[in-house]
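In what follows, a single structure is set out as C-alpha cells and then discussed.
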Amino acid sequence: MPTYRFEAVDETTGRPVMGTLQANDEQSLQQLLRARGFVVQRIISKSDSPAQPAAPSQRTDRRAERATASLHARAVFFRQLASLLRAGNNPIQSLSQIADQPSMPESLQAAARAMLANAHLGQPLSEAMERFPRLFAPHVVGMFRAGELGGSLEVICDEIATHYEQEHALWRKLWIPRLLLLNGIGMLLLVLPLFPAFYYGMARGDVSQFYQRYVVLLLTRSLPIFLAVMFVTVGVWWFLDLPANRRWKDVVVMRLPVFGALNRQRALAAFLRTLHRMFAAGVPAISAWEAAAPSAGNVFVREKLIEALPIIRQGQSIDRALQATGLFDWETISLVAAGQQSGEIAAMLDRVAGYHEENLRERYQRASFALIRIGCLGTLILGGAAMLWMVYTYFNGMFRFVDEFFKTP
C-alpha cells in the first residue's frame, strides 16, 4: 500500500495540517481525509517525490545505531514536537525548530535532522526513527507510525512523551535503593580488611602497622572486588540495553514479580489506546490492528498481537482477536464485543484503554515501592554479610593471635 504525503486544512479549526497516510490510491486517500474533517489542498505520492538522496555512509549508520539520550531528554523532544504541531506548524517547520536548538542533545538533533530529510521527501518520519534503535524503541516507532497513519501525530507525540516521563519518574526513585545498596557495599568492603589488619598490628606491637596493613588490604582486596562488581553491573546493563537483546530482556522482565505485571500492563494500555485512535480516525479494522500492534512495548506481547492479525483478515470481530491472544481479561473482551454489537467500537476501546491506563498508574506505584523494598533488602543482606565476616575474622584472628603469642602447637 503506497504512502502519500498530504497538505490539508482542518475544517473545525482552520489550521493547516501536513502529514503522511497510507491508502490504495489518491481517491481513497481523499475519502479518508474528508471523513476526518480535512479539506485536501495537495497530495504528493512517494512516486512523485524528488529523487532519493545518497545512502548514508556506514560510519553515519553506526553513529545512529549507537545514539542514545536520557529519558527526560526524549520526553522533552516529543513534548516539544507535539506542542509545535498543535500550534499549527507542519512537521518540517516543527523539526527544523527542534534540530536547531542548542540545548537539545546531539543525538536527538541528529534524529530530528533525519526525520526532517524524510519530511522533505514526503516519506514517513517513522522510517528515519528506525535508524536510531537505541534512541527510539520499536514500540515508540510503532506508536509514531500509527499517529502518521491516523492523522493524530500531535496526540501520539504527547502520549509518547507521557510514556517517557513515567519511565523517568520511576527510575528517578532508584536513588533510594542505589544509596542503600552502595551503603551496604561500602560497609562490607570497609569491614573486609579490618580485623586481619588489627591483629597484624597487635602481633607486631605497633599501631602504625595496623593502619599500613589496613590500607594495603583495602587497595588489594576491597577495591578490586568493588571494581569487579561495578564492571559486571555496567556490563550486564549495557548488554540488556542492546537492541538485539530486547526480546530476551522482555521475556525475562515478564517473569519478574511486580515489574513483569507493570511491563505487561504498559504494553496492553499502549496497544488499546493506539487501536482506539485508529478506529476513531476511521481507519479500517485490518489497518488499525496492523498499526496498533507494534505500539506494544513488550516483544512477547507484540508477537502475540501480530499472531492474531489473520483473525482480523478473515473478517472476524475484534473481540475474537483479543481473546485469541490470551493477553486480555474477560471484562475487556466483553466490553469490546458489546461495542462492536452496538456500533460504538471506538467509544468502547476508549473506555477499556482508560481502564488499563488506570491500572498502569497503580502498577507504577507498586513498582516504586518495590524498588525501595529491594534497596532495604539489599542493605540488610549486605549488612548481615558484613556482620558475619566481622565475627569470623574477629574470632579467627583472636585464636591465631593467642596461638602465636603462647606458641601453641
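The values are calculated or read from the model by the stated rules, or taken from the named source; none is laboratory data. Fair warning: this is a prediction, and the values are worked out from it, not measured in the lab. Note that each Cβ is placed from the backbone with ideal geometry, even for glycine, and that neighbours are counted across all protein chains shown. Surface accessibility is based on the protein's heavy atoms, side chains included, excluding ligands, DNA and RNA. Shrake-Rupley method; radii C 1.70, N 1.55, O 1.52, S 1.80 Å.
Observations on the model:
- Taking Cβ atoms as reference points and 12 Å as the exclusive limit, the residues near Thr68 contribute a net charge of +1, counting Lys and Arg as +1 and Asp and Glu as -1.
- In this structure the amide hydrogen of Tyr4, modeled in the peptide plane, comes within under 5 Å of the amide hydrogens of Leu21, Gln22, Ala23, none closer than 5 places in sequence on its chain.
- Sorting the segments 99-110, 290-301 by their residues' average number of neighbouring beta-carbon atoms within 10 angstrom, most packed first, yields 290-301, 99-110.
- Element breakdown for the chain at a 1.4 angstrom probe: carbon and sulfur atoms account for 60% of the accessible area.
- Cα pair count fraction exceeding 35 Å, expressed as % - the chain: 43 percent
- Theoretical gain in end-to-end length, His120 to Arg366 [0.36 nm per residue, Cα-Cα removed]: 84.1 nm
- Across the range 349-364, computed HN-Hα scalar couplings (Karplus, 6.51 cos²θ - 1.76 cosθ + 1.60, θ = phi - 60°) run 5, 4, 5, 5, 5, x, 4, 5, 5, 5, 5, 5, 4, 5, 5, 5 Hz from first to last residue, x flagging Gly and Pro.
- With protein chains left intact and a 1.4 Å probe, residues in the chain average 53 Å² of accessible area per residue.
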